[in-house]
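Undergrad: Here it is, the structure in full.
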Amino acid sequence: MKHWILVGQTPVEVDLMEWGRWFETHAHDRFVDLTAVGGYSVSTVFLGIDNALGPMALFDHPDHVPELFETMIFGHGDHVGFTRRWRSYLEARHGHKQVVLALAAGRAP
């Protein structure tokens with residue numbers, strides 16, 4: 001399993017020990033965004049590990065781009081548990097905003 005830390009907004013692959021140290025001392029740097037909207041909390045974080053599924057991820061295909069960021073919806077209602085993963089910091093920021101806008105408009109994310 002590969003591990004990443006964030007340097008600014010850029011994921012950098014590191015060994016397990018450095019990953020553990022970074023997560024221990026930079027926990028606040030993992031948060032991309034957190035928004036309360038319509039009784040929900042939308043949280044987007046940097047995971048530091050690839051949670052993508054599929055053959056390219058499972059077999060470490062050279063064209064695979066890891067999904068290192070995740071948006072989840074918490075709270076009470078139909079959309080709790082919604083999860084979406086992202087490949088970059090900017091994609092995660094944009095995706096977070098789209099989820100928030102959908103919920104604010106009363107739509108499914």
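Undergrad: Where does helix 89-104 land angle-wise versus the long Cα axis of the chain, in degrees 0 to 90, nearest 10?
TA: So the helix axis and the longest Cα principal axis differ by about 20 degrees.
Undergrad: Additional query: Using amide H atoms built in the peptide plane, which far-off residues or other-chain residues are under 5 Å from residue 69 H to H?
TA: Amide H neighbours of residue 69: 47, 86.
Undergrad: Can you list the residues, at least 5 places off or on another chain, whose amide H is less than 5 Å from the amide H of residue 3, using H built in the peptide plane?
TA: Here 14 satisfy the definition.
Undergrad: Report the calculated FRET efficiency for residue 36 and residue 90 (r = Cβ-Cβ distance, R0 = 22 Å), to the nearest 0.05.
TA: So, using R0 = 22 Å, E works out to roughly 0.45.
Undergrad: Now a separate question. Taking neighbour Cβ counts within 10 Å as the exposure measure, how do 47, 101 sort from fewest upward?
TA: With the sparsest Cβ surroundings first, the list reads 101, 47.
Undergrad: Work through the residues other than residue 99 whose Cβ is under 15 Å from its Cβ and net out their charges, Lys, Arg +1 and Asp, Glu -1.
TA: Residues near residue 99 contribute +1 overall.
Undergrad: Give me the net charge for the shell around residue 40: Cβ to Cβ below 13 angstrom, other residues only, Lys and Arg +1, Asp and Glu -1.
TA: 0
Undergrad: Here's another thing I want to ask about it. Which residues' amide hydrogens lie under 5 Å from the amide hydrogen of residue 41, considering only partners 5 or more residues apart or on another chain, with H built in the peptide plane?
TA: Amide H neighbours of residue 41: 74, 75.
Undergrad: Among (i) -0.66; (ii) -0.34; (iii) -0.44, only one was calculated for this model; which label is it, if the read-out is log10 I(q)/I(0) by the Debye sum over Cα atoms at q = 0.12 Å⁻¹?
TA: (iii)
Undergrad: Where does helix 16-25 land angle-wise versus the long Cα axis of the chain, in degrees 0 to 90, nearest 10?
TA: 40 degrees
Undergrad: Residue 82: net charge of surrounding residues, Cβ under 13 Å, Lys/Arg +1, Asp/Glu -1, itself excluded?
TA: Here the count lands on +1.
Undergrad: So, with +1 on the Cβ of K and R and -1 on the Cβ of D and E, and no other charges, what is the size of the charge dipole of the chain about its Cα centre, to the nearest 20 debye?
TA: 440 debye
Where a number appears in this text, it was derived from the coordinates with a stated rule and is not lab data. Values in this document were obtained by computation on a predicted structure and should not be read as measured data. Heads up, the Cβs are rebuilt from the backbone with ideal geometry, glycines too, and the neighbour counts pull from every protein chain shown.
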